[in-house]
Amino acid sequence: MEFEEDANFWKTIVDRMLAGVVVTDVTMKYLYVNDIFSAMTGYSKEELRSMKITDLVSPDHLKAANEAIERFMEGWRVIGEFKYITNSGEIRWAFGIFTPYTYKGKIYGIGNFIDVTYAKELEQKLKESEEFYRNLIEHSAAPMYIVQEGKFVFVNKAVEEKTGYKREELLGKNAFELVYPGDIGMVLKRYLDREAGKRDVDTYSFRVVAKDGRVAWFTMTARRIQYQGKPAVYVSGIETTEIINLSEELRKKNEFFSLLSKILRHDVLNDLSVLRGCIEIRSDDLLDKALKRIDSIVEKINDIRTLEEAIGALKILNVAEIVEKVVEKHHGEANFKLNLQEVYIEANEALKSAVDNLIGNAIIHSQVSPVEIEVEVFKENEDCVIRVADNGVGIPDELKEKIFNAKYSRKGGGLGLFLVKKIVEMFNGRIQVYDNKPRGAIFEIRIPAKA
């Protein structure tokens, strides 16, 4: 054969190349193979000369190999990866270029192949690893997301569940639109510092506003990463709403027990000391003083009971009904003007004691006759407002801030307005006092209203 006459020329050039080289006729029968191709396949050169290219192809790649041969027969150069089976039965991968070549009027196929089995194994391991970590992140119960240029570029399933937004709603969305307004400044500064490389990895807590308006606490760890060639911030963590709420509840209870200890240690013990002295002296002149001390102790015990109620279980209450009952209790002691709208809050029976204290103070300290008291309950924005206005002597400006402290409480030694303030704060509310016109004082309680 003409090809065989020039065999030494081919052998000299390519026999010892590092890449496998083959020459076939149009039937795909091997006419020549070099040493490397023989080593790759495990067949001797003599064995290969009796075989065709398709004899080495793995059965699951045979269809693709035949399609490649068809393209070759149409005059196209074929490039691709194929699985092949060695003489020992091992399945391996080869990357090759198979080119039609005309020599002395005949068409031959010239192929160059390299074994890429190791690279394919690494690729498969990487793919499996990527899939593993993708599934791990995607199905993690912990929210994980990536922010780049201030926008979400990746969120996992937990972020959807925690915020109520679908993935397609979040991707491309300004990430800081979900941050509670009071926390945006802190979160944005940390993000900008971190994306610029000025801040290390750190963990902090902030609030997020879900799609339905629910405010939740999250404790997240943020770190700077490279994502698709640009700086980004990767954030992961857990929702801590329940933990923070429990911590706040524990703080309030600790505050309550501290207050209780103060009352027992100081006020009640002082009153008992006076009583003991009166009993030991047995003087009739001290009888009235002893009775007043007994009344003071009873009053303090009632205050303690009220505080105990304030840290009890909360429920939804109609504030107008509670205020109406308190006013009925003081019927005949003052002239009342009522404007009560139905507003609901999350509280307990201690609210009744707080309102009773305000109305009782207005009656006791008015120093006018008749006592005129206007009580209002209404909803303003998101707050339930309880307003008690009187026509008494009012409260001097220098005392307006002090009257809510324990030592500036009502005469007689009780907890007074300090108790009211503590109760209101336990319901996440606040209280303030300001002047009534033309005279008197207005006490205003604001507690978050329930829809």
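The values are calculated or read from the model by the stated rules, or taken from the named source; none is laboratory data. Just so you know, these numbers come straight off a predicted model, no measurement behind them. Please note: Cβ atoms are built from the backbone with ideal geometry, for glycine as well, and neighbour counts cover all protein chains shown.
Note on region 370-402: among residues that are of a type in the set (Val, Ile, Thr) and assigned to a strand (DSSP E or B), the one that is nearest to Asn335 (Cα to Cα) is Ile373.
In region 69-116, which residue that is of a type in the set (A, V, I, L, M, F, W, C) and without any contact (Cβ under 8 Å) to a residue 24 or more places away in the chain is nearest to Val14 (Cα to Cα)? So, considering only residues that are of a type in the set (A, V, I, L, M, F, W, C) and without any contact (Cβ under 8 Å) to a residue 24 or more places away in the chain, the one nearest to Val14 (Cα to Cα) is Ile97.
Of all the listed residues (Ile386, Ile423), the sole one being in the same structural domain as Leu317 (by TED's automatic domain parsing), aliphatic (A, V, I, L, M), modelled with pLDDT of 85 or more and within 24 Å of Lys252 (Cβ to Cβ) is Ile386.
For Glu130, the test of being charged (D, E, K, R) and more than 15 Å from the chain's Cα centre (by Cα) is passed.
Against the numbered list (1) among the aliphatic types (A, V, I, L, M); (2) in contact with a helix residue (DSSP H, G or I) (Cβ under 9 Å, 6 or more places away or on another chain); (3) surrounded by 13 or more Cβ atoms within 10 Å (Cβ to Cβ), Ile36 comes up short only at (2).
Has region 142-156 got any residue that is loosely packed, with under 14 Cβ neighbours inside 10 Å and within 30 Å of Met220 (Cβ to Cβ)? Yes, some residue in region 142-156 is loosely packed, with under 14 Cβ neighbours inside 10 Å and within 30 Å of Met220 (Cβ to Cβ).
The residue of region 386-405 that is nearest to Glu324 (Cα to Cα), among those that are touching a residue at least 24 places away in the same chain (Cβ under 8 Å) and not hydrophobic (A, V, I, L, M, F, W, C), is Arg387.
Residue-by-condition table, conditions (1) farther than 21 Å from Ala142 by Cα; (2) at pLDDT 90 or above; (3) not aromatic (Phe, Trp, Tyr):
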position: Asp200; (1), (2), (3): yes, no, yes
position: Thr203; (1), (2), (3): no, no, yes
position: Val208; (1), (2), (3): no, yes, yes
position: Ile238; (1), (2), (3): no, no, yes
position: Ile243; (1), (2), (3): no, no, yes
position: Leu246; (1), (2), (3): no, no, yes
position: Leu260; (1), (2), (3): yes, no, yes
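Scanning region 176-213 for residues that are hydrophobic (A, V, I, L, M, F, W, C) and out of contact with any helix residue (DSSP H, G or I) (no Cβ under 8 Å at 6 or more places or on another chain) yields Met186, Leu192, Ala196, Val201. When region 100-118 is filtered for residues that are closer than 23 Å to Arg16 by Cα and exposed (fewer than 15 other Cβ atoms within 10 Å of the Cβ), the ones remaining, listed by number, are Tyr101, Tyr103, Tyr118. For region 161-168, the criterion of being at pLDDT 90 or above, of a type in the set (Lys, Arg), more than 24 Å from Ile244 (Cα to Cα) and assigned to a helix (DSSP H, G or I) is met by at least one residue.
Taking the listed residues Ile146, Ile225, Ile184, the one that is β-branched (Val, Ile, Thr), outside any loop (DSSP other than H, G, I, E, B) and without any contact (Cβ under 8 Å) to a residue 60 or more places away in the chain is Ile184, with no other qualifying. Given the structure, is Val179 within 16 Å of Pro143 (Cα to Cα), surrounded by 17 or more Cβ atoms within 10 Å (Cβ to Cβ) and in contact with a Leu (Cβ under 7 Å, 6 or more places away or on another chain)? Taking the combined requirement at face value, the residue does not satisfy it.
So that you can scan it fast, the table gives a plain yes or no per residue for (1) β-branched (Val, Ile, Thr); (2) modelled with pLDDT under 90; (3) in a loop (DSSP other than H, G, I, E, B); (4) within 57 Å of the chain's Cα centre (by Cα):
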{"position": "Val26", "(1), (2), (3), (4)": "yes, no, yes, no"}
{"position": "Thr54", "(1), (2), (3), (4)": "yes, no, no, no"}
{"position": "Ala68", "(1), (2), (3), (4)": "no, no, no, yes"}
{"position": "Ile97", "(1), (2), (3), (4)": "yes, no, no, yes"}
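Scanning region 191-209 for residues that are surrounded by 14 or more Cβ atoms within 10 Å (Cβ to Cβ) and of a type in the set (A, V, I, L, M, F, W, C) yields Phe206, Val208, Val209. Scanning region 30-52 for residues that are farther than 15 Å from Asn112 by Cβ, part of a helix (DSSP H, G or I) and of a type in the set (D, E, K, R) yields Lys45, Glu46, Glu47.
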